[in-house]
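Visitor: This is the structure, below, for whatever I ask next.
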Amino acid sequence: MASKEATVYVLDLGRSMGQKQNGRSKTNLDWAMEYVWDKITTTVATGRKTALMGVVGARTDETDLDGIVDDDAEGYSNTRVFSNLKQFLLPDIRHLQEHLKPSSTDEGDLLSALAIAIEMINKGTCGKNGNPLKFDRRIIIVTDGQGYMDSTDLDQIAAKLKADKFELVLLGVDFDDPESGFKEEDKDPHKEENETVLKEFIDNCDGIFGTLAEAISQMDIPRLKETRPVPSYRGELTLGAPTIYDATMTIDVERYPCTMIAKPPTASAFAVRTDLGSAPGASAESSATVAGEGPPADGQLSAVRNQRVYQVDKPDEPGVKMNVEMEDLEKGYEYGRTAVHISESEFNVVKLETTAAFELIGFIRADKFDRYLAMSRANHVVAQKGNDKAQLALSALTHALFEADCYAIARLVAKDNKAPVVVLLVPRLEGEVENLIEVELPFEEDMRRYKFPPLDKKLTITGKVITEHKDLPNDNLMAAMSDYVDAMDLSTLGEDGEEYMKPEDTYSPLLHRINHVIRWRATNNIYTTLPDPPQILTKYSAPPAELLKSTERELDALKAAADVKKVPPKQKGRGKRSLKDREKPLSGLDVDELLGNPKRVKIDSGNLIPSFKQALASTDDLDAIQAAADEMGNSIRTYISSSVGESGYGRALEALRVMRDEITELEEPEIYNSFVRALKSEILEGKLKGDRREMWWRIRGSKYGLVDRKRSFASEVTEEEAAEFYKG
């Protein structure tokens, strides 16, 4: 469970914050708000109700303390509470964007706004009895240091912040930063004095004093989400049967995940509300979607929830569906093309009843384990917290495995009635950390064994071994590839000869780019162009340019050794109408030309589809194409008319699909359209030896009707005519 936190932003909104300084195109406030919006939107994206935020403005035109203290209290003029402590949502961000503007005055005290922030957090984090609740308290101050500050009570404020365990962060606009080497020239003496006072005050509070430039430069670095681990097993790790024998080993342990997959946020479906301002009772809902219980907070969208309907064929009306309730459905398991029904009572008989257990069943030498056998993410197995006896026992087991260079194998049932798994336990000794790393092992049914021919030799039918062949790499190619791999080494390409791409410096582009765009869109107009992804996300998307340049010689040598040739580009034309335009084989042999390029290939009904394709590929004569289509059509009619029940409909439907695709690719859709019109008439009029309307329903369902202009520009059939064809 995430900890509770209360954060208040104290923003200096004085007239000086509207200035543009040091060559920036933005005002000081707009520049500062880049950091503030990033922090606020990151917190809002978590959706946590326990992450409370508030905003207080200093040096504002108005005075509004929102009941924190009396508005007429001395010393709090020109201070405004824009938002009291609460969970922020998107409308709160929109509200702040409208009101956070530079003021027209320099009156007001930054430290007075800080006092308001302290009081706001104290009031907002107290229980009903007035006692403070457990919260992480944080105040972030953003200022240019040019306003008036009453520093008489700084010691008392610092003592209060330390006593209540506040975290104080101050970011200054163009403050001097010795670490980065920045020093503002011709600085106002009043600002310089304020910087000194604020830095000393932050040091007394054990806070963080930094510059806004440094904070903004670190915004692109993704923030890693730290989650509190939840145990997936709590119980005993046993060796032997403790319920039967006394000479057994039992250790109280807990199991925690080592890592978890970080997934990007998922999108939800919303519909634009069209009933805003309309007459009561108006609705924009369709039959497929129903508005949820409540619209999103901005009031312009309505949540959408799905409704699932189950339908089955009506027994007495072929082709007509009827709705059924989910409670009336039964589970079925596929057995070939048939559904096998197993009732709930029968299913309970075959269900394996298990109890939670963690049992050692054997040991294996470390060098006998293949790393590719691990099937799951790794887990930590640690001793029970506060149990000294268990910690000592697990430490002894871990050291024994480590010194024997062995791994343990165990049977794990994480919860009652859960399927058992076999896991591997690996000892881990790093400094003072002593525990076991656990991964799941495969059962026999999980193994997939594939046989591949050897890469360094060929075997003939007679058993002769060939080591030199055009498909086998020779010594020259192997040496060139080895040199190229060595030249592409990244291990010392980083700064000061370090590793170039450390795992801790690589971030998921998908995850962090989506979060980046969501935060950007939350604070910007929908018509603004999205920013480019941060450079840190794209840094490792391609090899370093200097490395590619330095390995050009090895790459050229590899291309020469491999005899690399450019593959001719694929023709963009869809037709096979002209044989002279077809690509010539790389071997230089044109089989069709050697065979005399027959104008007509007879279609074999026993090998219908391949022979039909071969007939179309061997000719560019329109009469020959029409003849092949006629023979294909006759075969389809034969499949339908000779079908016993529906036994031949599948073959006829597949032949129809191939005919439609091939004829469309040849840009002669009228040949197919004429055939399918005649086929529909013959089926519905019963001319194919009986009632074959089920075949027509299959053609309709597969959308194998007329070829319209959308599918082929050569067609004269409109989309409306193609849709009308399916009726009747």
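The values are calculated or read from the model by the stated rules, or taken from the named source; none is laboratory data. Everything numeric in this text was worked out from a predicted model, so none of it was measured. Positions of Cβ are backbone-derived with ideal geometry, glycine not excepted, and every protein chain shown enters the neighbour counts.
Visitor: Could you tell me which of the residues Leu111, Leu154, Leu133, Leu89 is in contact with a Gly (Cβ under 7 Å, 6 or more places away or on another chain) and not polar (S, T, N, Q)? Give the derivation first.
Guide: Values: Leu111 fails: in contact with a Gly (Cβ under 7 Å, 6 or more places away or on another chain); Leu154 fails: in contact with a Gly (Cβ under 7 Å, 6 or more places away or on another chain); Leu89 fails: in contact with a Gly (Cβ under 7 Å, 6 or more places away or on another chain).
From the options Leu111, Leu154, Leu133, Leu89, the qualifying one is Leu133.
Visitor: Here's something else I'd like to know. Limited to the range 127-183, what total is found for residues that are among the basic types (Lys, Arg), without any contact (Cβ under 8 Å) to a residue 24 or more places away in the chain and outside any loop (DSSP other than H, G, I, E, B)?
Guide: The initial filter retains those residues of the range 127-183 that are among the basic types (Lys, Arg), namely 128, 134, 137-138, 160, 162, 165, 183.
Retained after the next criterion (residues that are without any contact (Cβ under 8 Å) to a residue 24 or more places away in the chain): 128, 183.
Then drop every residue that is not outside any loop (DSSP other than H, G, I, E, B), which leaves none.
Residues meeting the conditions: 0.
Visitor: Separate question: From Thr227, Thr243, grab the single residue that is hydroxyl-bearing (Ser, Thr, Tyr), in a loop (DSSP other than H, G, I, E, B), over 21 Å from the mean Cα position of the chain (by Cα) and modelled with pLDDT under 90. Let's see the steps before the verdict.
Guide: Working: Thr227 fails: over 21 Å from the mean Cα position of the chain (by Cα).
Exactly one of Thr227, Thr243 is hydroxyl-bearing (Ser, Thr, Tyr), in a loop (DSSP other than H, G, I, E, B), over 21 Å from the mean Cα position of the chain (by Cα) and modelled with pLDDT under 90, namely Thr243.
Visitor: So in the range 228-261, with the set limited to residues that are of a type in the set (A, V, I, L, M) and surrounded by 14 or more Cβ atoms within 10 Å (Cβ to Cβ), which one is farthest from Lys385 (Cα to Cα)? Talk me through it step by step, then tell me what you get.
Guide: Just the residues of the range 228-261 that are of a type in the set (A, V, I, L, M), to begin with: 230, 237, 239, 241, 244, 247, 249, 251, 253, 260-261.
If we keep only those that are surrounded by 14 or more Cβ atoms within 10 Å (Cβ to Cβ) too, we end up with 237, 239, 249, 251, 253.
Numbers: Leu237: 15, Leu239: 21, Met249: 19, Ile251: 12, Val253: 8 Å.
The extreme case among them is Leu239.
Visitor: Please find, among Gly18, Gly67, the residue that is of a type outside the set (D, E, K, R) and at pLDDT below 90. Talk me through it step by step, then tell me what you get.
Guide: Numbers: Gly18 fails: at pLDDT below 90.
After applying the criteria, what remains is Gly67.
Condition check ((1) under 26 Å from Pro265 (Cα atoms); (2) not small (Gly, Ala, Ser)) across all residues:
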residue	(1), (2)
Val10	no, yes
Ala32	no, no
Arg48	yes, yes
Leu65	no, yes
Ser83	no, no
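Visitor: Would you call Leu436 touching a residue at least 24 places away in the same chain (Cβ under 8 Å) and of a type in the set (A, V, I, L, M)?
Guide: Values: touching a residue at least 24 places away in the same chain (Cβ under 8 Å): yes; of a type in the set (A, V, I, L, M): yes.
The answer is yes for Leu436.
Visitor: Criterion first (outside the structural domain of Val320 (by TED's automatic domain parsing), in contact with a helix residue (DSSP H, G or I) (Cβ under 7 Å, 6 or more places away or on another chain) and acidic (Asp, Glu)) does Asp661 satisfy it? Spell out how you get there, then give the answer.
Guide: Numbers: outside the structural domain of Val320 (by TED's automatic domain parsing): yes; in contact with a helix residue (DSSP H, G or I) (Cβ under 7 Å, 6 or more places away or on another chain): no; acidic (Asp, Glu): yes.
Spelling it out, it is not the case that Asp661 is outside the structural domain of Val320 (by TED's automatic domain parsing), in contact with a helix residue (DSSP H, G or I) (Cβ under 7 Å, 6 or more places away or on another chain) and acidic (Asp, Glu).
Visitor: Separate question: Given the structure, is Val707 in the same structural domain as Asp604 (by TED's automatic domain parsing), surrounded by 15 or more Cβ atoms within 10 Å (Cβ to Cβ), in contact with a Pro (Cβ under 6 Å, 6 or more places away or on another chain) and touching a residue at least 24 places away in the same chain (Cβ under 8 Å)?
Guide: On the way: in the same structural domain as Asp604 (by TED's automatic domain parsing): yes; surrounded by 15 or more Cβ atoms within 10 Å (Cβ to Cβ): yes; in contact with a Pro (Cβ under 6 Å, 6 or more places away or on another chain): yes; touching a residue at least 24 places away in the same chain (Cβ under 8 Å): yes.
For Val707, the condition - in the same structural domain as Asp604 (by TED's automatic domain parsing), surrounded by 15 or more Cβ atoms within 10 Å (Cβ to Cβ), in contact with a Pro (Cβ under 6 Å, 6 or more places away or on another chain) and touching a residue at least 24 places away in the same chain (Cβ under 8 Å) - is met.
Visitor: Looking only at the range 121-157, filter to residues that are farther than 21 Å from Ile208 by Cα and hydrophobic (A, V, I, L, M, F, W, C); which one of those is surrounded by the most Cβ atoms within 10 Å (Cβ to Cβ)?
Guide: Cys126
Visitor: Tally the residues that are touching a Phe, Trp or Tyr at 6+ places or on another chain (Cβ under 8 Å), of a type in the set (Val, Ile, Thr) and within 16 Å of Tyr649 (Cα to Cα), restricting the search to the range 681-728.
Guide: Number satisfying all stated conditions: 1.
Visitor: A further question on this structure: Please enumerate the residues belonging to the range 367-388 that are farther than 30 Å from Asp446 by Cβ and touching a residue at least 24 places away in the same chain (Cβ under 8 Å).
Guide: Ala383, Gln384, Lys385, Asn387
Visitor: Ok, one more. Looking at this structure, is Arg698 within 19 Å of Ser635 (Cβ to Cβ) and either in contact with a helix residue (DSSP H, G or I) (Cβ under 7 Å, 6 or more places away or on another chain) or not assigned by TED's automatic domain parsing to the domain that holds Asp630 (or both)?
Guide: On the way: within 19 Å of Ser635 (Cβ to Cβ): yes; either in contact with a helix residue (DSSP H, G or I) (Cβ under 7 Å, 6 or more places away or on another chain) or not assigned by TED's automatic domain parsing to the domain that holds Asp630 (or both): yes.
Yes; evaluated as a whole, the condition is true for this residue.
Visitor: Related question: Tell me, please, whether a residue that is touching a residue at least 40 places away in the same chain (Cβ under 8 Å), touching a strand residue (DSSP E or B) at 6+ places or on another chain (Cβ under 7 Å) and surrounded by 10 or more Cβ atoms within 10 Å (Cβ to Cβ) can be found in the range 441-456. Show your work before the answer.
Guide: Applying the first criterion (touching a residue at least 40 places away in the same chain (Cβ under 8 Å)) to the range 441-456 yields 441-442, 446.
Adding the requirement that they be touching a strand residue (DSSP E or B) at 6+ places or on another chain (Cβ under 7 Å) leaves 441.
Cutting the leftovers down to surrounded by 10 or more Cβ atoms within 10 Å (Cβ to Cβ) gives us 441.
Looking through the range 441-456, at least one residue is touching a residue at least 40 places away in the same chain (Cβ under 8 Å), touching a strand residue (DSSP E or B) at 6+ places or on another chain (Cβ under 7 Å) and surrounded by 10 or more Cβ atoms within 10 Å (Cβ to Cβ).
Visitor: Right, here's the next one. Test of understanding: among Ile671, Ile636, Ile683, which residue is surrounded by 13 or more Cβ atoms within 10 Å (Cβ to Cβ), over 29 Å from Ala617 (Cα atoms) and out of contact with any Pro (no Cβ under 9 Å at 6 or more places or on another chain)?
Guide: On the way: Ile671 fails: over 29 Å from Ala617 (Cα atoms); Ile636 fails: over 29 Å from Ala617 (Cα atoms).
Step by step, each of Ile671, Ile636, Ile683 is checked, and only Ile683 is surrounded by 13 or more Cβ atoms within 10 Å (Cβ to Cβ), over 29 Å from Ala617 (Cα atoms) and out of contact with any Pro (no Cβ under 9 Å at 6 or more places or on another chain).
Visitor: Going through Pro132, Pro102 one at a time, which residue ends up being in contact with a helix residue (DSSP H, G or I) (Cβ under 6 Å, 6 or more places away or on another chain) and at negative phi? I'd like the intermediate steps shown before the answer.
Guide: Details: Pro132 fails: in contact with a helix residue (DSSP H, G or I) (Cβ under 6 Å, 6 or more places away or on another chain).
One residue alone meets the criteria, Pro102.
Visitor: How many residues are among the β-branched types (Val, Ile, Thr), without any contact (Cβ under 8 Å) to a residue 60 or more places away in the chain, within 26 Å of Lys225 (Cβ to Cβ) and assigned to a loop (DSSP other than H, G, I, E, B) if we restrict to the range 480-527? Let's see the steps before the verdict.
Guide: Going residue by residue through the range 480-527, those that are among the β-branched types (Val, Ile, Thr) are 485, 492, 506, 514, 517-518, 523, 526.
Checking the rest, the ones that are also without any contact (Cβ under 8 Å) to a residue 60 or more places away in the chain come to 485, 492, 506, 517, 526.
Those left that are additionally within 26 Å of Lys225 (Cβ to Cβ): 506, 517.
With the extra rule that they be assigned to a loop (DSSP other than H, G, I, E, B), the set shrinks to 506.
Residues that pass the stated criteria total 1.
Visitor: Taking Tyr704, is it within 23 Å of Pro610 (Cβ to Cβ), assigned to a helix (DSSP H, G or I), of a type in the set (Ser, Thr, Tyr) and at pLDDT 90 or above? Can you show your working first?
Guide: Details: within 23 Å of Pro610 (Cβ to Cβ): yes; assigned to a helix (DSSP H, G or I): no; of a type in the set (Ser, Thr, Tyr): yes; at pLDDT 90 or above: yes.
Considered against the rule, which asks whether it is within 23 Å of Pro610 (Cβ to Cβ), assigned to a helix (DSSP H, G or I), of a type in the set (Ser, Thr, Tyr) and at pLDDT 90 or above, Tyr704 comes out as no.
Visitor: A follow-up question, please. Only one of (1) touching a helix residue (DSSP H, G or I) at 6+ places or on another chain (Cβ under 8 Å); (2) in a helix (DSSP H, G or I) fails for Lys199. Which number is that?
Guide: Lys199 satisfies all of (1) touching a helix residue (DSSP H, G or I) at 6+ places or on another chain (Cβ under 8 Å); (2) in a helix (DSSP H, G or I) except (1).
Visitor: Something else about it: Could you check, for the range 408-431, whether at least one of its residues is closer than 27 Å to Val230 by Cβ, touching a Pro at 6+ places or on another chain (Cβ under 6 Å), surrounded by fewer than 17 Cβ atoms within 10 Å (Cβ to Cβ) and at pLDDT 90 or above? Give the steps one after another, and end with the answer.
Guide: Within the range 408-431, the first condition is being closer than 27 Å to Val230 by Cβ, and the residues that meet it are 408-431.
Of the ones still in play, those that are also touching a Pro at 6+ places or on another chain (Cβ under 6 Å) are 411, 413.
Then keep just the ones that are surrounded by fewer than 17 Cβ atoms within 10 Å (Cβ to Cβ); that gives 411.
Still in the list and also at pLDDT 90 or above: 411.
Yes: the range 408-431 contains one or more residues that are closer than 27 Å to Val230 by Cβ, touching a Pro at 6+ places or on another chain (Cβ under 6 Å), surrounded by fewer than 17 Cβ atoms within 10 Å (Cβ to Cβ) and at pLDDT 90 or above.
Visitor: Take Arg513 and tell me if it is in contact with a Leu (Cβ under 7 Å, 6 or more places away or on another chain) and at pLDDT below 90.
Guide: On the way: in contact with a Leu (Cβ under 7 Å, 6 or more places away or on another chain): yes; at pLDDT below 90: no.
In short, no.
Visitor: Among (1) polar (S, T, N, Q); (2) touching a Gly at 6+ places or on another chain (Cβ under 8 Å); (3) at pLDDT below 90, which single condition is Asn194 missing?
Guide: With respect to (1) polar (S, T, N, Q); (2) touching a Gly at 6+ places or on another chain (Cβ under 8 Å); (3) at pLDDT below 90, Asn194 is out only on (3).
Visitor: Suppose we filter the range 1-40 for residues that are under 21 Å from Lys191 (Cα atoms), among the acidic types (Asp, Glu) and touching a residue at least 60 places away in the same chain (Cβ under 8 Å); how many remain?
Guide: Matching residues across the range 1-40 total 1.
Visitor: Is it the case that the range 88-110 has a residue that's part of a helix (DSSP H, G or I), of a type in the set (S, T, N, Q) and either over 20 Å from Asn28 (Cα atoms) or not assigned by TED's automatic domain parsing to the domain that holds Gln19 (or both)? Show your work before the answer.
Guide: Taking the range 88-110 as the starting set, the residues that turn out to be part of a helix (DSSP H, G or I) are 90-99, 110.
With the extra rule that they be of a type in the set (S, T, N, Q), the set shrinks to 97.
In the following step, the residues that additionally are either over 20 Å from Asn28 (Cα atoms) or not assigned by TED's automatic domain parsing to the domain that holds Gln19 (or both) were identified as none.
No: the range 88-110 contains no residue that is part of a helix (DSSP H, G or I), of a type in the set (S, T, N, Q) and either over 20 Å from Asn28 (Cα atoms) or not assigned by TED's automatic domain parsing to the domain that holds Gln19 (or both).
Visitor: To continue, here is another question. Which of the residues spanning the range 635-650 are at pLDDT below 85 and either among the acidic types (Asp, Glu) or part of a helix (DSSP H, G or I) (or both)?
Guide: Correct list: Glu646 only.
Visitor: Follow-up. Anything in the range 406-427 that is touching a helix residue (DSSP H, G or I) at 6+ places or on another chain (Cβ under 7 Å) and either without any contact (Cβ under 8 Å) to a residue 24 or more places away in the chain or farther than 14 Å from Gly362 by Cα (or both)? List them, or say none. Walk me through how you get there before you give the answer.
Guide: Taking the range 406-427 and keeping what is touching a helix residue (DSSP H, G or I) at 6+ places or on another chain (Cβ under 7 Å), we get 406-408, 427.
Within the range 406-427, just Pro427 meets the criteria.
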